[in-house]
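Input: a single structure, listed below in structure tokens.
Each reported figure results from applying straightforward, stated rules to the coordinates on display, with no laboratory input. This one's a predicted model, so the numbers in the text were calculated from it and none came from an experiment. Here the Cβ positions follow ideal geometry from the backbone for every residue, glycine too, while neighbour counts run over all protein chains shown.
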Amino acid sequence: MMELYFEGMQSCYDAENVARMFFSPAHRATERPKRAPEYFTAVLGTRHLLCGVRRDGRCVWKRVKHDNQGTKADVFALCGLIYSFLCEQTGKRPPWGMLTGVRPVRIVHDMRRRGESEEAIERFFCDTYRAQPDKFRVARAIADVQAPIMRLSGPRSYSLYIGIPFCPSRCSYCSFVSKETAKSGKLIAPYLEKLELELEDIAETARRNRMQLETVYIGGGTPTAISARQLEHLMNKARSCFDWSGVREFTVEAGRPDCTDEEKLAVIKECGATRISINPQTMSDEVLRAIGRKHTAQDIVDCYETARRVGHTCINMDLIAGLPRDTLEGFRSSLSEVIALGPENITVHTLTLKRASTLVTEHAADEYGDVAAMVESCAEPLARAGYAPYYLYRQKGTLQNLENTGFAKPGTEGLYNVFIMEEVHTILSAGAGGSTKLVSPDGSRIERIFNHKYPLEYIERFDEVRRRKKGIDDFYGRYFDLDSEASR
Ligand code: SF4
């Protein structure tokens, strides 16, 4: 395993992120040199910058003069050296260049807000950070689509996320907190009981702070892993305790066809969902088996047709590039099959390997197909079929540091996805693993409140969940004077 080590920096965070783009996400980073057969090292010295790599019994070093002033510019210079050195040594050229952040589109929004020219934004992407021009063009096009959506949000806007952390079986690439219903099904009823209490609390807090609910998203896990009656009860509860008058979008992840039947799809529709997600990930039965899914591609088609029959008019379908056993041809064929179904949205993810997933421990990196080519191959057929990219984000551990991109037919963009990705407004989250993100009215400050991760912990320590949520009042108390508003 390749070891990574860094010297001379107070924080090696940026340098490590650049180096990690060139090595498998499972490679370790350590701060103190030790004798490792394979390693990469980068040093910020007082008079020099240095990079070195030892692989296959061979060492290569590069050292350049640099007058260290102890500023961020020194670390940036080292990152530039790491990037060019590793491009030379590995033959890889990461499409986003040295941009390691998760929200490249945000950079376009921020620079435009500061009044910088389109040329300056392009130079920042393509010259300073060495991103490929086509990546810059995608980021700019997405920012254009998002601008009017972001203007829908006001200073008191928020969205609500409701988490159902249960699934019929665990996919091999999964790193989410999700429990299999066969093993943990007995937790569902007590979990939903607490979840509904938390929804009551959140609704009350939102009312008190005069917040405006814009979008609602029920995700997971797999929300359809619970019964039709439980789903109906939960959705009706949400509708009854929140002020629904301004809600623009209500999404439910219908996720997997192995637990999504006509009855559940009809309940979701009757309870007011305006958008659902049916996520094949691949349309290859062999790849579905390889990732541990217990359904076929035909089941996905049947589920999609049932959803249309019961009246769903906005459907998203997710695909993942880089799944084990998949090939470039196989991925293209999955994409064609999904396009042929005609969902309003198609989201193309790149496989992300996290330590919590079985794939990281059981599979070698070379089992993954040509991921970059898969991702590249999407744009043209999607554009031809009338889909345009509308949100994009990256995650740590994504294969080849690629991105996840949501495509939509114009006018069907998932608003929640834009609001959460671009941190436009507050997201109040209910349920295990929920992360509440509080965004100040001017967008300059963000604070988070985390719920307990696992369903059992959430149930047993629910009082603490309630206590932590009091932080929402504290946060808004800094921006709004509720007493004087009430007396007006
Ligand atoms: S359906 Fe999603 S949350 Fe559930 S196991 Fe698979 S990847 Fe994880």
Inset, instruction - Go ahead and run the numbers for FRET between Ala340 and Lys294, Cβ-Cβ distance against an R0 of 22 Å, rounding to 0.05. - result: 0.35
Inset, instruction - Would you work out if segment 130-254 is rounded, prolate or oblate? Take a ≥ b ≥ c from the square roots of the eigenvalues of the alpha-carbon gyration tensor; rounded if a/c is under 1.5, else prolate when a/b is larger than b/c, oblate otherwise. - result: oblate
Inset, instruction - Restricting to the chain, compute how many DSSP beta bridges are antiparallel as a %, nearest 5. - result: 45
Inset, instruction - Would you work out if segment 1-63 is rounded, prolate or oblate? Take a ≥ b ≥ c from the square roots of the eigenvalues of the alpha-carbon gyration tensor; rounded if a/c is under 1.5, else prolate when a/b is larger than b/c, oblate otherwise. - result: oblate
Legend entry - Phi to ³J(HN,Hα) by Karplus 6.51 cos²θ - 1.76 cosθ + 1.60 over segment 323-339, Hz, x for Gly, Pro: 5, x, 6, 7, 10, 4, 5, x, 5, 4, 5, 4, 4, 4, 5, 5, 4
Inset, instruction - Could you give log10 I(q)/I(0) at q = 0.15, 0.26 Å⁻¹ for segment 104-149, computed by the Debye formula over C-alpha point scatterers of equal weight, without solvent? - result: -0.32, -0.93
Inset, instruction - Place a +1 charge on the Cβ of each Lys and Arg in the chain and a -1 charge on the Cβ of each Asp and Glu, then give the dipole magnitude about the Cα centre in debye, rounded to the nearest 20. - result: 1200
Inset, instruction - Could you tell me which of rounded, prolate or oblate describes segment 207-320, using a ≥ b ≥ c as the square roots of the eigenvalues of the alpha-carbon gyration tensor, with rounded for a/c under 1.5 and, failing that, prolate when a/b is larger than b/c and oblate otherwise? - result: prolate
Inset, instruction - Starting from the Cα-Cα distance between Ser444 and Glu305, subtract it from 0.36 nm times their residue separation and give me the gain in nm to one decimal. - result: 45.6 nm
Legend entry - Cβ-Cβ FRET estimate between Arg151 and Asp285, R0 fixed at 45 Å, reported to 0.05: 0.55
Legend entry - Three principal axis lengths of the chain [C-alpha, angstrom, descending]: 66, 60, 46
Inset, instruction - May I ask for the angle, rounded to the nearest 10°, between helix 297-309 and the longest principal axis of the chain, with both axes built from Cα atoms and the value confined to 0 to 90°? - result: 40
Inset, instruction - Consider a paramagnetic label point 7 Å from the Cα of Arg461 along Cα→Cβ; state which residues of segment 160-193 have an amide N under 18 Å from it. - result: 165, 177-179, 191
Inset, instruction - Within segment 80-100, find all residues whose amide N lies under 20 Å from a label point positioned 7 Å from the Cα of Asp127 along Cα-to-beta-carbon. - result: 80-81, 83-84, 96-100
